[in-house]
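Engineer: This is the structure I have questions about; it appears just below.
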C-alpha cells in the first residue's frame, strides 16, 4: 500500500475484502502482511506475560488494534456495538485504553502502557508474509513513523537507562517518605512498656486491700478514717417511678414488656392476659433488664446487662432503704399534680430538678399545657403502629442514660 493509506483487508493474503469478519490478514504495507488473529506486543489488562508467541491469549490481536484505530472517532456505545458485530466479544481494546492506543499509532505519544519490548525479527521463506517474533507490530493508519518499509525497523528498540539517571533515582528514593494510613499511624516505632505504671499502683492497691480488712475493727471515734476506706460493693441499681393512675399509658401491667422488649401493649390487654395466666395482681417492684454496649478507652466493645427497678408507689420505694430517693433517676407522669403528694419533692419544678421527667402520650393527643413548665420530655406512642415502639423505647433509654451520666454518675452501670 502507498504512504498514507489505510491497512488493507485480505482473504488468505490474496483477494481484498471490505468485510472485517471475513478477512483473514491485514496488509500493513507493501512488505508487511500479518494474520488478523496474530498477537501484538500489547498486553491485555491484568496480564504479566512477556512473550506473545508463547501466550497469545494474553495479548491483544492485530485485528483488535485495527478496529480500535478504525473506530477512533465514534462514541463508546457505537464502538462497543461495532466490536460485537465484527466478531470480537472478547479480546478487544478496552474503552479506557482506546485513546492511548490511537495516540501511540498516530505518534502523538511515546508511552503506551502494557507494551512489551520487541525482539529481533526472524526470517521467513520468500513469498510468505513476514513473521515477527515477540508479536506482530501494531497496525498504523499510515506508513509514517511506526512502520518502516523493512520488518526490522517496525520493532521498537529496547530502552537502556542512563547510569547517571539510575544514581539520581536512587538518591530520590532514599529521601522518600512512606505514606501512612489510619492503621499504621497508630503503631509506634518502639514498644510501650507500662511496667513502671503498674508497679506504682500496686502499692496503693495493697494499702486499700489492707485497709478494707481492718475497717470492721475500727471504733465509732475513727469514723473519719472510715471515709478513707473503700466502700463495700452493694446492689445499687437505679429506680424508675411510674404513676399509679389507671389512665396512665405505662403501668405495672405493661411496663416490663414495653421497656425490656420494646413492644407496647395496652394496659387493659396486659392485665387481662396476666389474669388468664393466674397473675391478677402485679408485683410492686418489677426488675427491668436491658443490654448495653460499653466502649472503653482502647476502643474495645463490651456488652453488659443493665438492671433497673420500676415502682409505682412510695410504699414500694421505701423497701429499698432510707436512701431510695437518691437512686430514683426517672419519674413518669400523667400530667396530674396529685401524683407527687407523697413524694420527697411535692412541687413538680423541684421534683424534676432532682429526677428526669418523662411524659408518655398518644401521637394524636393534643399538647398538655400543664407540663409545659415541668422540665419533662414528652414521648409519643402510636396507637396502631407497633413497629415504631422500638425507636420510642430506644429514645427513652438514650435520654435516661445521658441524664444519669450528667446528674447521678454513681448509678451508671458498666
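Engineer: Kindly indicate the residue of the stretch 278-296 that is surrounded by 13 or more Cβ atoms within 10 Å (Cβ to Cβ) and modelled with pLDDT under 85 and also farthest from residue 411 (Cα to Cα) among those meeting that condition. Working first, answer last.
Structural biologist: From the stretch 278-296, those surrounded by 13 or more Cβ atoms within 10 Å (Cβ to Cβ) are 282, 284-286, 288, 290, 292, 294; that's our starting set.
Next, only the ones that are modelled with pLDDT under 85 stay: 282, 292, 294.
On the way: 282: 26, 292: 14, 294: 15 Å.
In this case the residue turns out to be 282.
Engineer: Looking only at the stretch 151-187, which residues are more than 34 Å from the chain's Cα centre (by Cα), outside any helix (DSSP H, G or I) and at pLDDT 70 or above?
Structural biologist: Within the stretch 151-187, 159, 160, 161, 162, 175 qualify.
Engineer: Still on this structure, please answer the following. When you check residue 258 against the structure, is it touching a residue at least 12 places away in the same chain (Cβ under 8 Å) and either closer than 25 Å to residue 391 by Cβ or not in a loop (DSSP other than H, G, I, E, B) (or both), yes or no? Before the answer, list the steps.
Structural biologist: Numbers: touching a residue at least 12 places away in the same chain (Cβ under 8 Å): yes; either closer than 25 Å to residue 391 by Cβ or not in a loop (DSSP other than H, G, I, E, B) (or both): yes.
When the stated conditions are applied, residue 258 passes them.
Engineer: Which of the residues belonging to the stretch 51-75 are at pLDDT 85 or above and more than 18 Å from residue 25 (Cα to Cα)?
Structural biologist: 71, 72, 73, 74, 75
Engineer: Next question, about the same structure. Tell me, which helices (runs of 4 or more DSSP H) lie completely within the stretch 35-115 with 2 or more residues that are more than 42 Å from the chain's Cα centre (by Cα) and in contact (Cβ under 8 Å) with a residue 24 or more places away in the chain? Spell out the reasoning first.
Structural biologist: Working: elements: 62-70, 76-85, 95-105.
Hits in the stretch 35-115: 62-70.
Engineer: Only residues that are modelled with pLDDT of 80 or more and out of contact with any helix residue (DSSP H, G or I) (no Cβ under 9 Å at 6 or more places or on another chain): list them for the stretch 107-127, please.
Structural biologist: Correct list: 107, 116.
Engineer: I'd like the residue in the stretch 263-277 that is assigned to a loop (DSSP other than H, G, I, E, B) and out of contact with any strand residue (DSSP E or B) (no Cβ under 7 Å at 6 or more places or on another chain) and, out of all such residues, is surrounded by the fewest Cβ atoms within 10 Å (Cβ to Cβ).
Structural biologist: Of everything passing the filter in the stretch 263-277, 277 is surrounded by the fewest Cβ atoms within 10 Å (Cβ to Cβ).
The values are calculated or read from the model by the stated rules, or taken from the named source; none is laboratory data. Keep in mind that this is a model prediction, so the values were computed, not measured. Every residue, glycine as well, gets a Cβ built from its backbone with ideal geometry; the counts of neighbours run over all protein chains shown.
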